[in-house]
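A.B. asks: Handing you this structure, nothing more for now.
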Amino acid sequence: MKMPAIVRQTLADAGITGPLRMTPMGGGDTALSARVDSESGCWFVKMHDSAGLLRAEQAGLEALAPHLRCPAVVGFGEGPSGAVLLLEYLDMRSLQGRAHWLAAGEALARLHRVECREGFGRHPDNFIGGSPQSNCNHADWADFFLHERLLPQWQQARSLPTAVRDRVEQVMARLPDWLPASPRSALVHGDLWQGNLAQVNGEPVFFDPACYHGDPQVDLAMLNLFGRVPAAFYEGYQGREPDRDQQRPWPVYDLYHWLNHFNLFGGHYALAVDNTARQLLADG
């Protein structure tokens, strides 16, 4: 793969020179990524037209780094053709077995102990996938989740069937029915589906964050969005499975991600939006 000039310059600015080899890598729907090898080591680069998107990821990784293992930021480059985020390269593998999931739960619990005593949000605006995500501060959690999460996605999802839009609107009007009134405001990963969690030599690694301060259950809900995580994870996280009160807001948190998936990818995600809204209204 021919190395773009902006990548070469970003590497040089980080003191990485000499013979370099760049190999495209898969993964992710938002940015292009590659591995760069040199005589002194290897690095991971992400490239995107939007410098703001990669700056937001950098801010998220730097917020997580004191609390979790995540790829270290090595450098950042920006030019007329876009931007480059330069990270350490980690040979990440899927979590396998009880010990890995137990360690992942313990690690996430450490992150969620990082509290914010000044409301919800309190992080630079960022992106959820390719969608802008506002983290404007609110004193009230339901207000935050309505105005900074559900409402912007619902307004964008104009091609949803009218009946589905109406059901989502009904859910938004009743958020206090499902959301905790005053949850602990913790630093959250924000985009923690299982594809953004891996391990290196048994140590859990978290990446591609969309951080803010909010109800820690947003991370647990998203971990289960595409399939349940093993019980060992909850053993590490809190010593037991989540109870009904903890899980009650999960479908609301899921609704945000289903709306975002619909806005980014369309298609069958309309059904996921509708099913989630129906479930909430039936159980409410």
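A.B. asks: Of the numbered conditions (1) assigned to a loop (DSSP other than H, G, I, E, B); (2) in contact with a Leu (Cβ under 9 Å, 6 or more places away or on another chain), ALA277 fails exactly one; give the number of that condition.
C.D. replies: (1)
A.B. asks: Quick one: how many residues across the stretch 120-142 are assigned to a loop (DSSP other than H, G, I, E, B) and buried (at least 17 other Cβ atoms within 10 Å of the Cβ)? Break it down into steps so the answer makes sense when it comes.
C.D. replies: The first filter runs over the stretch 120-142 and keeps only residues assigned to a loop (DSSP other than H, G, I, E, B), leaving 122-125, 129-130, 134-137, 139-140.
Filter once more, so that each one left must be buried (at least 17 other Cβ atoms within 10 Å of the Cβ): 122-123, 129, 135.
Here the count works out to 4.
A.B. asks: Considering the stretch 127-164 alone, what residues qualify as being under 27 Å from SER50 (Cα atoms), touching a residue at least 24 places away in the same chain (Cβ under 8 Å), of a type outside the set (A, V, I, L, M, F, W, C) and touching a helix residue (DSSP H, G or I) at 6+ places or on another chain (Cβ under 9 Å)?
C.D. replies: GLY129, GLY130, SER131, GLN133, ASN135, ARG149, GLN153, GLN156, SER159
Conditions (1) assigned to a strand (DSSP E or B); (2) among the charged types (D, E, K, R), marked per residue:
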site: MET22; (1), (2): yes, no
site: ASP37; (1), (2): yes, yes
site: CYS42; (1), (2): yes, no
site: LEU53; (1), (2): no, no
site: CYS70; (1), (2): no, no
site: PHE76; (1), (2): yes, no
site: ALA83; (1), (2): yes, no
site: HIS100; (1), (2): no, no
site: ALA109; (1), (2): no, no
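A.B. asks: Scan the stretch 158-213 residue by residue and report those that are of a type in the set (Gly, Ala, Ser), in a loop (DSSP other than H, G, I, E, B) and under 12 Å from the mean Cα position of the chain (by Cα). Steps first, answer last, please.
C.D. replies: Keep residues of the stretch 158-213 that are of a type in the set (Gly, Ala, Ser), which gives 159, 163, 173, 181-182, 185-186, 190, 195, 198, 202, 210.
Narrowing further to those that are in a loop (DSSP other than H, G, I, E, B): 159, 181-182, 185, 190, 202, 210.
Result: GLY190, ALA210.
A.B. asks: Determine whether the stretch 232-241 contains at least one residue that is closer than 17 Å to ARG184 by Cβ, under 17 Å from the mean Cα position of the chain (by Cα) and surrounded by 15 or more Cβ atoms within 10 Å (Cβ to Cβ).
C.D. replies: Looking for residues that are closer than 17 Å to ARG184 by Cβ, under 17 Å from the mean Cα position of the chain (by Cα) and surrounded by 15 or more Cβ atoms within 10 Å (Cβ to Cβ), one finds none in the stretch 232-241, hence no.
A.B. asks: Report yes if LEU90 is over 26 Å from ASN126 (Cα atoms), assigned to a loop (DSSP other than H, G, I, E, B), in contact (Cβ under 8 Å) with a residue 40 or more places away in the chain and hydrophobic (A, V, I, L, M, F, W, C), otherwise no. Lay out the reasoning, then the answer.
C.D. replies: Numbers: over 26 Å from ASN126 (Cα atoms): no; assigned to a loop (DSSP other than H, G, I, E, B): yes; in contact (Cβ under 8 Å) with a residue 40 or more places away in the chain: yes; hydrophobic (A, V, I, L, M, F, W, C): yes.
In short, no.
A.B. asks: Pairs under 6 Å by beta carbon, first residue of a type in the set (Val, Ile, Thr) in the stretch 229-249, partner not in a loop (DSSP other than H, G, I, E, B), six or more apart or different chains?
C.D. replies: VAL229/LEU223
A.B. asks: Let me ask another. Which numbered condition in (1) under 17 Å from TYR253 (Cα atoms); (2) surrounded by 19 or more Cβ atoms within 10 Å (Cβ to Cβ) is the only one that LEU160 fails?
C.D. replies: Failed condition: (1).
A.B. asks: Anything in the stretch 70-89 that is more than 13 Å from MET47 (Cβ to Cβ), under 20 Å from the mean Cα position of the chain (by Cα) and surrounded by 16 or more Cβ atoms within 10 Å (Cβ to Cβ)? List them, or say none.
C.D. replies: CYS70, PRO71, VAL73, TYR89 - these are the residues of the stretch 70-89 that are more than 13 Å from MET47 (Cβ to Cβ), under 20 Å from the mean Cα position of the chain (by Cα) and surrounded by 16 or more Cβ atoms within 10 Å (Cβ to Cβ).
A.B. asks: Give the stretch 102-157 a look and list any residue that's over 17 Å from PRO216 (Cβ atoms) and of a type in the set (Gly, Ala, Ser), or say none.
C.D. replies: ALA103, GLY129, GLY130, SER131, SER134, ALA139, ALA157
A.B. asks: Looking at GLY41, GLY60 in this structure, which one is surrounded by 19 or more Cβ atoms within 10 Å (Cβ to Cβ) and outside the structural domain of ASN196 (by TED's automatic domain parsing)?
C.D. replies: On the way: GLY41 fails: surrounded by 19 or more Cβ atoms within 10 Å (Cβ to Cβ).
Being surrounded by 19 or more Cβ atoms within 10 Å (Cβ to Cβ) and outside the structural domain of ASN196 (by TED's automatic domain parsing) holds for just one of GLY41, GLY60, which is GLY60.
The values are calculated or read from the model by the stated rules, or taken from the named source; none is laboratory data. Only a predicted model underlies this, so the values are computations on that prediction, with no experimental measurement involved. Note: ideal-geometry Cβ built from the backbone for every residue, glycine included; neighbour counts use all protein chains shown.
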